[in-house]
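Q: Quick one: structure below, then a few questions.
The values are calculated or read from the model by the stated rules, or taken from the named source; none is laboratory data. Treat the numbers as computed from the prediction; the structure is a model and nothing was measured. Please note: Cβ atoms are built from the backbone with ideal geometry, for glycine as well, and neighbour counts cover all protein chains shown. To get the accessible areas, we keep the full protein, side chains included, count just its heavy atoms, and leave off ligands, DNA and RNA. Shrake-Rupley method; radii C 1.70, N 1.55, O 1.52, S 1.80 Å.
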Amino acid sequence: MVITDVRIRKLHAEGRMKAIVSITFDDAFAVHDIKVVEGDKGLFVAMPSKRMPDGEYKDIAHPISSAVREMVQTAVLKEYEAVLAAAESAPGEEV
């Protein structure tokens, strides 16, 4: 399984949630609404989730193994940093 596309859908300058991302695996399967979040120990990736009737949030889609979770997080954060760098080098342009 290979991540073939990472798209930053929205950037947020304010708050802990920094971006909303979509990824594609093997040019065949997409996962939307992945979030880049600023945590106490730095940036991390949060999988898409749904609020349950009891108020708890449950992941809708998520990696089963830590190796795949690391692969997703690395790819998403790399693209997020690239988009931020591009925005800084071209101020005024919408990302």
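Q: So which of ALA67, ALA13, ALA46, ALA19 ends up being open to solvent by 50 Å² or more (accessible area, probe 1.4 Å), among the aliphatic types (A, V, I, L, M) and within 27 Å of ALA87 (Cβ to Cβ)? Even if it seems obvious, please write down each step before you answer.
A: On the way: ALA67 fails: within 27 Å of ALA87 (Cβ to Cβ); ALA46 fails: open to solvent by 50 Å² or more (accessible area, probe 1.4 Å); ALA19 fails: open to solvent by 50 Å² or more (accessible area, probe 1.4 Å).
Going through ALA67, ALA13, ALA46, ALA19 in turn, the sole match is ALA13.
Q: Now for a separate question. Take the residues of segment 40-54 that are in a loop (DSSP other than H, G, I, E, B) and of a type in the set (A, V, I, L, M): which is nearest to GLY15 (Cα to Cα)?
A: Applying the filter and picking the extreme gives MET47.
Q: Continuing with this model, one more query. So which residues in segment 1-39 are among the basic types (Lys, Arg), in a strand (DSSP E or B) and out of contact with any helix residue (DSSP H, G or I) (no Cβ under 9 Å at 6 or more places or on another chain), if there are any at all? Give the steps one after another, and end with the answer.
A: Within segment 1-39, the first condition is being among the basic types (Lys, Arg), and the residues that meet it are 7, 9-10, 16, 18, 35.
Then drop every residue that is not in a strand (DSSP E or B), which leaves 7, 9-10, 18, 35.
Of everything in segment 1-39, those that are among the basic types (Lys, Arg), in a strand (DSSP E or B) and out of contact with any helix residue (DSSP H, G or I) (no Cβ under 9 Å at 6 or more places or on another chain) turn out to be ARG9, LYS10, LYS35.
Q: Now, a different point. Kindly list, by first and then second residue, each pair from a residue in segment 13-38 that is under 17 Å from PRO63 (Cα atoms) and without any contact (Cβ under 8 Å) to a residue 60 or more places away in the chain to a residue that is open to solvent by less than 60 Å² (accessible area, probe 1.4 Å) and among the acidic types (Asp, Glu), limited to pairs with Cβ atoms under 9 Å and residues at least 6 apart or on different chains.
A: These pairs meet every condition: SER22/ASP5; ILE23/ASP5; THR24/ASP5; PHE25/ASP5; ALA30/ASP5.
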